[in-house]
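Structure record follows, encoded as structure tokens.
The values are calculated or read from the model by the stated rules, or taken from the named source; none is laboratory data. Just so it is clear, the model here is predicted, and its values are computed rather than measured. Virtual Cβ from ideal backbone geometry, glycine too; neighbours counted across all protein chains shown.
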Amino acid sequence: MSADPIIYCLEHVTDYAQFERLCHDLMAASGYTTIEPLGGTKDKGRDALHVDHNDPGTITIFAYSVREDWQKKLGEDCDKIQKYGHACHRVVFLCTANFTANERDNAIKAIQDKYSWDLDLFGLERLRTLLTGAYPYLIAKHPQIFGPPFFPAAGGLSLAPSRDYLIMDFADTDEPLATWLARRLTIEGYDVWCRNIAPVGGTSLNETIEMLVKHRAFRFLPVLSPASIADPDLSARRAMAAAVSHDMLLPIVAAPFEKDRLDAKTRALECVHFEDSWAAGLKELLDVLTATQCPRSASGGIGIALRSFMLPDVISHQAETLYSNRFRPTVPDAILRFTATTAMGDDRFCQAQLQWAFRRVDPHNFLAFHPPPDALRDAFGIRNAGGASWPHVPAIDGIVTHHLAPELLRKSLTVECTKRGLRFCDQSHLLYFPQELVSSDRLYFKKPDGNKSFVSAAGRRTYWRPHQSMPYRYHLAPVFSAEPLPSGSLALFVRVRLRLTDDDGLPLKGRTIVSRRKHLCK
């Protein structure tokens, strides 16, 4: 794992749409102020476009990639730009690859020779340098990429340094004003944190607000009233905010109070008054925020504010068919107890689990839904020793049935899959379809629209590389899990994973798995 948290997060990006937004923000901050995001699907090689207002004849096209084969992606995007006849004078390519100086020079020369375009390359280290040097505040704006544990969060916000939020604090009696004001400021385009519309459950409110004020607050807006003045916690938080910065406090007056009860720092400040008119108070507050050049959200706040007032209409009055990977299996009511005259050691345990679905209490005692196969019964002298109705007892031999029954169900499916020819991989711990287990290596199924189709259970693909293409093999691997329902029955979940190997059948490792999986599943 990389020692640098920014590099680690960029190397493990899974949200490509969010990576595009990060690249747009980096380029806008780097001088391309009028960049026009395009991206998405069918972008014809253009993730963004920039026309220089000082020189309208100069057009820059941006392309982004998280692929390991960045050179191939660069070539594909440039071919598309040329194919669709886009006007272009410069290509800016941002990727998460860590290329060498020689690879960089060769790429620039190749684009210049083939297309007569200038190429500006941003690799992993160059992105890291921008995010740690010139634009560190962008880390906080992209918590989907730079998230915990490397970049802690509090109250739903990243704690990466970025002075861009208005943090509100209030007593419970002032909640109507605080909620209204937070939403109105959001409509005006400001980023506002307010505890009654933020995720703070299970955390310390004092610690959350303290961390947000220290790392994210542009201004701290305490709502002042007789109730808030009398609250020692709110008074302590005001004092903490005043200690962070001399201009951090921007008090909001909700109701008349005795000013002498305020601390000296807060008493010396001019307040924004809402006690006579909320409209007049809002106008005064907006004027103050404009004068102090408070940052505004680039995405606009009207939609965000409206979503905090009401939920979208998600109810459909038409019947529809629901397709799911969740099933309700038929499970025996009793869990049986078995004893063995010969101890089952660890050397035989793993092999036995592929033949019989059981839980080993100790080397001589086992729990299962069904008796063992004859081979295991004879080898260890296993015999029945009673049992219990698992839905009606909390534990069997000290093992909680709430956990035991799902475990036995999952193991039963593993045993059945093994009987039907699936194999177990000791390295990836996956059950997978070997080649030629099913006819033509195809699993046929019926789609929701009624048409028949198939999926390949195993196969071989070739992964293109600049110097030498690399073949690899894939195998579908069903994964089962189960959990108890409130009704007392069990729910079974079926998911599909992939076992990826080289041409000799050896499992792939590291980032090679990620690139091949993306190549196969795209």
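Do the conditions hold for Asp43, that is, is it among the charged types (D, E, K, R), in a helix (DSSP H, G or I) and either farther than 30 Å from Tyr463 by Cα or assigned by TED's automatic domain parsing to the domain that holds Val91 (or both)? First the steps, then the outcome.
On the way: among the charged types (D, E, K, R): yes; in a helix (DSSP H, G or I): no; either farther than 30 Å from Tyr463 by Cα or assigned by TED's automatic domain parsing to the domain that holds Val91 (or both): yes.
Taking the combined requirement at face value, the residue does not satisfy it.
Under the condition of being in contact with a helix residue (DSSP H, G or I) (Cβ under 9 Å, 6 or more places away or on another chain) and of a type in the set (D, E, K, R), which residue from the range 112-158 is surrounded by the most Cβ atoms within 10 Å (Cβ to Cβ)?
Per the criteria, the residue is Lys141.
Can you name the condition, by its number, that Asp276 falls short on among (1) at pLDDT 90 or above; (2) assigned to a loop (DSSP other than H, G, I, E, B); (3) within 30 Å of Gly147 (Cα to Cα)?
Asp276 satisfies all of (1) at pLDDT 90 or above; (2) assigned to a loop (DSSP other than H, G, I, E, B); (3) within 30 Å of Gly147 (Cα to Cα) except (3).
Just to be sure I understand, how many residues within the range 259-298 are touching a residue at least 24 places away in the same chain (Cβ under 8 Å) and over 43 Å from the mean Cα position of the chain (by Cα)?
3
Six or more apart or on different chains, Cβ under 9 Å: which pairs go from a residue in the range 426-448 that's in the same structural domain as Ala477 (by TED's automatic domain parsing) to one that's among the aromatic types (Phe, Trp, Tyr) and assigned to a loop (DSSP other than H, G, I, E, B)? Could you list them?
Sorted first by the residue in the range 426-448, then by its partner, the pairs are Asp441/Phe433; Leu443/Phe433; Pro448/Tyr323.
Does any residue of the range 448-461 turn out to be at pLDDT below 95, more than 29 Å from the chain's Cα centre (by Cα) and under 20 Å from Leu354 (Cα atoms)?
Scanning the range 448-461 turns up no residue that is at pLDDT below 95, more than 29 Å from the chain's Cα centre (by Cα) and under 20 Å from Leu354 (Cα atoms).
Step by step: first the residues of the range 374-389, then only those that are surrounded by 15 or more Cβ atoms within 10 Å (Cβ to Cβ) and touching a helix residue (DSSP H, G or I) at 6+ places or on another chain (Cβ under 9 Å), then the one that is farthest from Pro486 (Cα to Cα). Which residue is that? Show your work before the answer.
The first filter runs over the range 374-389 and keeps only residues surrounded by 15 or more Cβ atoms within 10 Å (Cβ to Cβ), leaving 376-377, 379-380, 382, 387-388.
Keeping just the survivors that are touching a helix residue (DSSP H, G or I) at 6+ places or on another chain (Cβ under 9 Å) gives 376, 379-380, 382, 388.
Working: Leu376: 36, Ala379: 40, Phe380: 38, Ile382: 34, Ala388: 20 Å.
If we take residues in the range 374-389 being surrounded by 15 or more Cβ atoms within 10 Å (Cβ to Cβ) and touching a helix residue (DSSP H, G or I) at 6+ places or on another chain (Cβ under 9 Å), then Ala379 is farthest from Pro486 (Cα to Cα).
Against the definition (surrounded by 15 or more Cβ atoms within 10 Å (Cβ to Cβ), farther than 22 Å from Val479 by Cα and out of contact with any helix residue (DSSP H, G or I) (no Cβ under 8 Å at 6 or more places or on another chain)), how does His392 come out, yes or no?
Values: surrounded by 15 or more Cβ atoms within 10 Å (Cβ to Cβ): no; farther than 22 Å from Val479 by Cα: yes; out of contact with any helix residue (DSSP H, G or I) (no Cβ under 8 Å at 6 or more places or on another chain): yes.
Spelling it out, it is not the case that His392 is surrounded by 15 or more Cβ atoms within 10 Å (Cβ to Cβ), farther than 22 Å from Val479 by Cα and out of contact with any helix residue (DSSP H, G or I) (no Cβ under 8 Å at 6 or more places or on another chain).
Taking Thr14, is it out of contact with any Pro (no Cβ under 8 Å at 6 or more places or on another chain), under 30 Å from Phe151 (Cα atoms) and hydroxyl-bearing (Ser, Thr, Tyr)? Outline the logic, then answer.
Details: out of contact with any Pro (no Cβ under 8 Å at 6 or more places or on another chain): yes; under 30 Å from Phe151 (Cα atoms): yes; hydroxyl-bearing (Ser, Thr, Tyr): yes.
So Thr14 fits the description; yes.
Each row is one residue, and each column tells you yes or no for (1) at pLDDT below 90; (2) assigned to a helix (DSSP H, G or I).
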residue	(1), (2)
His142	no, no
Asp174	no, yes
Trp180	no, yes
Arg184	no, yes
Thr203	yes, no
Leu212	no, yes
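Consider only pairs whose beta carbons are under 9 Å apart and that are at least six residues apart or on different chains; among these, list those whose first residue lies in the range 325-352 and is modelled with pLDDT of 90 or more and whose second residue is part of a loop (DSSP other than H, G, I, E, B) and among the hydrophobic types (A, V, I, L, M, F, W, C).
Val331/Phe369; Pro332/Phe369; Ala334/Phe369; Ile335/Phe369; Ile335/Val393; Leu336/Phe369; Ala352/Met344
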